[in-house]
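Encoded as structure tokens, the structure appears first; notes follow it.
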Amino acid sequence: MFDKLMKVAGIFSEALRDAFTFLRFNAYSPWVDKSKRSFYKIIIEAHTIEKGLSLQDPKQLFGKDKIRFVMNALSRYDVSHSTLPAHMALGALEAYVNFHTAAGVTDPLLDEINCFLREWEGKVPRPWKGGIKDYAFESSLPPDLQHLMASRSSIRTLKPAPLRPEAVFEAITMAQLAPSQCNRQSSRVHLYQDPKRIQQLLALQGGSRGFAESVGNLFVVSSEVCAWGGPGQRNQAYVDGALFAMCLMFACRSMGWGTCPLNLAVDHKTEKAIRHAGGIPEGERLIMMIAFGEPVSQQTKVAFSPRRPVAEIATLHA
Ligand SMILES: Cc1cc2nc3c(=O)[nH]c(=O)nc-3n(C[C@H](O)[C@H](O)[C@H](O)COP(=O)(O)O)c2cc1C
């Protein structure tokens, strides 16, 4: 009995410590280095521009506020921290201008961006890694794992046609090769192919604006909480669930489908609404959604999403 009480107390105490750690180190915390915060903020906003450009039919002059925000934020950013945000921002802004020039659109904002780009010319060496890049769905997959991993990108140009459930289950079986703690396999996957239900779920998610209408196949990946017990395991549902979701995206890629992970960074109220709309049991935590389907075309465009130099993320400890 005492043991059980200690576990309950531990869960509350760990939740409190989680809250303090998050408050101390989160993106709005004044105690976090300003360059670090700007680094992420610029990447996030530049990504919304590259994402907008990677859609099937980008809206003309979309995201004017974001564009101005990115230019202002980059002007105040110290590139000696990392050049990646500058690459992403400059690449995205240039791609934005090129897209509009090709469409014959003129606007004072485009002149403003051109001025800004000229100011940055030489400050960050080209080629600027940002904007969009070509992507090809090769009919034969690369045989080695390294190239297979490189052959996945988030695809936002999907055909809405529902895939055969048997084929989808084949992909799910492949994803079950994901490792899990003690092999407990707490991950669950909910498949939706009814357009109305998909739109309802995507409206609650919010991150698929601009391509939601083209989604005809949707996964919600979740994880059963009852696989975990005690304060130390409070976040493990997310660890196993995310590994499973990654394997599921690779499995879909091996079937020749495109996927786009969709965040479920939501509060309890929205999580409950998604669970309700998706018929998902209460005892499952939601990990993420994954939109998937046949690609509209073998040749498409994807957001550049460049990766950081490895030395920026890896530490060799003595
Ligand atoms: C957990 C998670 C949530 C994501 N949520 C969204 C989303 O809501 N909308 C979207 O368009 N892309 C979303 N993405 C896709 C990322 O933008 C993308 O993975 C990133 O830019 C790297 O590009 P890549 O997947 O093409 O390699 C998400 C990715 C992850 C891993």
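The values are calculated or read from the model by the stated rules, or taken from the named source; none is laboratory data. Here the structure is a predicted model, which is why all the values come from computation and not from measurement. Don't worry about glycine lacking a Cβ; one is built from the backbone with ideal geometry, like all the others, and counts go over all protein chains shown. Remember, those area values only see protein heavy atoms, side chains included, never the ligands or the DNA or RNA. Shrake-Rupley method; radii C 1.70, N 1.55, O 1.52, S 1.80 Å.
Restricting the search to the range 167-203, which residues are over 28 Å from D267 (Cβ atoms) and not in a loop (DSSP other than H, G, I, E, B)? Hits for the range 167-203 are A167, V168, F169, E170, A171, I172, T173, M174, C182, N183. State which residue is surrounded by the most Cβ atoms within 10 Å (Cβ to Cβ) when the search covers only the range 29-58 and only residues that are of a type in the set (D, E) and either touching a residue at least 24 places away in the same chain (Cβ under 8 Å) or on the phi > 0 side of the Ramachandran plot (or both). Taking the candidates together, the pick is E50.
The residues on offer are N217, N263, N235, and the sole one that is within 16 Å of the ligand (Cβ to nearest atom), more than 19 Å from the chain's Cα centre (by Cα), not charged (D, E, K, R) and not assigned by TED's automatic domain parsing to the domain that holds K51 is N235.
For the range 14-33, the tally of residues that are under 14 Å from N235 (Cα atoms) and in contact with a helix residue (DSSP H, G or I) (Cβ under 9 Å, 6 or more places away or on another chain) stands at 2. Scanning the range 98-116 for residues that are touching a helix residue (DSSP H, G or I) at 6+ places or on another chain (Cβ under 8 Å), open to solvent by 10 Å² or more (accessible area, probe 1.4 Å) and under 20 Å from P306 (Cβ atoms) gives F99, F116.
Considering the range 141-159, the residues that are assigned to a loop (DSSP other than H, G, I, E, B) and in contact with a strand residue (DSSP E or B) (Cβ under 8 Å, 6 or more places away or on another chain) include one that is farthest from the ligand (Cβ to nearest atom), namely K159.
Close contacts from the range 204-224, counting a first residue that is part of a loop (DSSP other than H, G, I, E, B) and a second that is near the ligand (Cβ under 10 Å from one of its atoms), with Cβ to Cβ under 6 Å and a gap of 6+ residues or different chains, come to G207/L262; G207/N263; S208/L202; S208/L262; G210/L55; F211/L55; F211/R156; V215/A291. Where helices (runs of 4 or more DSSP H) fall wholly inside the range 54-131, the ranges with 1 or more residues that are basic (K, R) and closer than 27 Å to G210 by Cα are 64-76. Return a yes/no flag: does the range 127-135 have any residue that is more than 16 Å from the ligand (Cβ to nearest atom) and in the same structural domain as H81 (by TED's automatic domain parsing). Yes; the residues of the range 127-135 include at least one that is more than 16 Å from the ligand (Cβ to nearest atom) and in the same structural domain as H81 (by TED's automatic domain parsing).
Could you check, for the range 161-169, whether at least one of its residues is within 16 Å of the ligand (Cβ to nearest atom), modelled with pLDDT of 95 or more and of a type in the set (V, I, T)? Within the range 161-169, none of the residues are within 16 Å of the ligand (Cβ to nearest atom), modelled with pLDDT of 95 or more and of a type in the set (V, I, T). How many of the residues in the range 286-302 are more than 13 Å from the ligand (Cβ to nearest atom) and within 18 Å of A175 (Cβ to Cβ)? The number of residues fulfilling the criteria is 1.
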